[in-house]
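Asker: Before we start, here is the structure in question, set down as structure tokens.
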């Protein structure tokens with residue numbers, strides 16, 4: 001079981017809600033994934049259009065909601081977005097994400113730390129999205145964040161754990177749960193993150209844009225489970241040279 | 001009375017509450033947050049908060065995202 005702040009989770013797979021072809025498919029995939037926590041974004045309503053209702057299926061699915069501050073470019077904007085989300089959804093949980101550059105969507109570490117400190121003071125449960133910077137992860141923990149969410153690779157890139165070596169350091173040093181978020185493009189990446197000792201992974205694009213999101217969601221669920229079981233069981237040490245599986249007896253030699 | 005709602009100018013009859021405005025513009029209240037002149041108005045105060053001439057109202061909604 002995974003505990004973050006006041007909640008416990010049986011599933012170590014968290015899911016985004018974005019990029020699905022329609023809300024019904026989103027709901028089916030989320031159900032198939034077994035996830036118990038999904039992210040959402042906040043947006044100015046377009047008064048001339050009816051937005052797709054994605055909130056009802058999520059409430060019906062009984063999943064925990066984690067609003068993000070996507071769109072914010074500064075700490076102040078993130079604070080505003082978080083407060084809006086708390087009002088809109090009635091949760092004090094927030095995924096703090098501040099990425100001003102639209103090309104790579106890299107999270108701004110300075111604005112993130114600034115916003116995190118204030119949000120914690122305001123009573124939020126803060127899950128900050130960051131580059132896999134071990135120093136930053138520790139600083140965020142020290143200001144009271146209840147988890148850290150380092151990236152594997154840029155959002156939506158599906159490139160896997162490009163930050164693997166630094167995720168290992170963060171996992172080793174963290175006293176709060178570590179959720180690998182962004183760039184997890186295949187179930188094997190998710191399993192890899194769990195084998196390293198991550199507490200959870202967050203996947204959005206890889207499931208949502210698959211031609212078969214429900215099947216892909218199942219695959220990710222299994223990968224996260226497999227990776228975690230392996231981690232807890234204890235993975236074998238790696239070796240540069242071969243280590244034989246059977247004794248190297250000379251069974252073909254003639255007796256002397 | 002003139003207001004701005006999500007950037008669009010709108011004429012409303014007399015002083016109405018936030019709740020009444022939402023009804024008038026036919027917006028679903030689920031997952032919605034409202035800011036008046038950049039101050040967030042809690043849901044508990046929607047019935048009692050009255051809008052004033054020139055107020056800038058912005059509605060936000062929780063949508064799909066990663």
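The values are calculated or read from the model by the stated rules, or taken from the named source; none is laboratory data. Nothing here was measured: the structure is a model prediction, and the numbers come from that model. Positions of Cβ are backbone-derived with ideal geometry, glycine not excepted, and every protein chain shown enters the neighbour counts.
Asker: Of all the residues that make up the range A:73-115, how many are more than 13 Å from chain B (Cβ to nearest Cβ) and part of a helix (DSSP H, G or I)?
Answerer: Residues that pass the stated criteria total 9.
Asker: What do you reckon, is residue A:31 more than 9 Å from chain B (Cβ to nearest Cβ) and crowded, with 21+ Cβ neighbours inside 10 Å?
Answerer: On the way: more than 9 Å from chain B (Cβ to nearest Cβ): yes; crowded, with 21+ Cβ neighbours inside 10 Å: no.
So residue A:31 does not fit the description; no.
Here is a yes/no grid of residues against (1) closer than 20 Å to residue A:71 by Cβ; (2) in contact with a helix residue (DSSP H, G or I) (Cβ under 7 Å, 6 or more places away or on another chain); (3) facing another protein chain (nearest Cβ under 10 Å):
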position: B:9; (1), (2), (3): no, no, no
position: B:14; (1), (2), (3): no, no, no
position: B:25; (1), (2), (3): no, no, yes
position: B:33; (1), (2), (3): yes, yes, yes
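Asker: Kindly provide the set of residues from the range A:184-205 that are within 20 Å of residue B:65 (Cα to Cα) and buried (at least 24 other Cβ atoms within 10 Å of the Cβ), ordered by number. Spell out the reasoning first.
Answerer: So in the range A:184-205, the residues within 20 Å of residue B:65 (Cα to Cα) come out as A:184-186, A:190, A:200-205.
Listed by number, the residues that qualify are A:184, A:190, A:200, A:201, A:202, A:203, A:204.
Asker: Does the range A:118-130 include one or more residues that are touching a strand residue (DSSP E or B) at 6+ places or on another chain (Cβ under 8 Å), modelled with pLDDT of 95 or more and over 12 Å from residue A:94 (Cβ atoms)? Outline the logic, then answer.
Answerer: Filtering the range A:118-130 down to residues touching a strand residue (DSSP E or B) at 6+ places or on another chain (Cβ under 8 Å) leaves A:119-120, A:124-130.
Now narrow it down to the ones that are modelled with pLDDT of 95 or more: A:119-120, A:124-130.
Filter once more, so that each one left must be over 12 Å from residue A:94 (Cβ atoms): A:130.
Yes: the range A:118-130 contains one or more residues that are touching a strand residue (DSSP E or B) at 6+ places or on another chain (Cβ under 8 Å), modelled with pLDDT of 95 or more and over 12 Å from residue A:94 (Cβ atoms).
Asker: So, in the range B:12-24, exactly how many residues are over 15 Å from residue B:41 (Cβ atoms) and under 9 Å from the mean Cα position of the chain (by Cα)?
Answerer: Residues that pass the stated criteria total 0.
Asker: While we're here: Output the number of the condition that residue B:60 fails; it satisfies all remaining conditions of (1) touching a helix residue (DSSP H, G or I) at 6+ places or on another chain (Cβ under 7 Å); (2) surrounded by fewer than 18 Cβ atoms within 10 Å (Cβ to Cβ); (3) in a strand (DSSP E or B).
Answerer: Only one criterion is unmet by residue B:60, namely (2).
Asker: Here are A:177, A:213: which of them is more than 30 Å from residue A:120 (Cβ to Cβ) and buried (at least 19 other Cβ atoms within 10 Å of the Cβ)?
Answerer: Values: A:177 fails: more than 30 Å from residue A:120 (Cβ to Cβ).
After applying the criteria, what remains is A:213.
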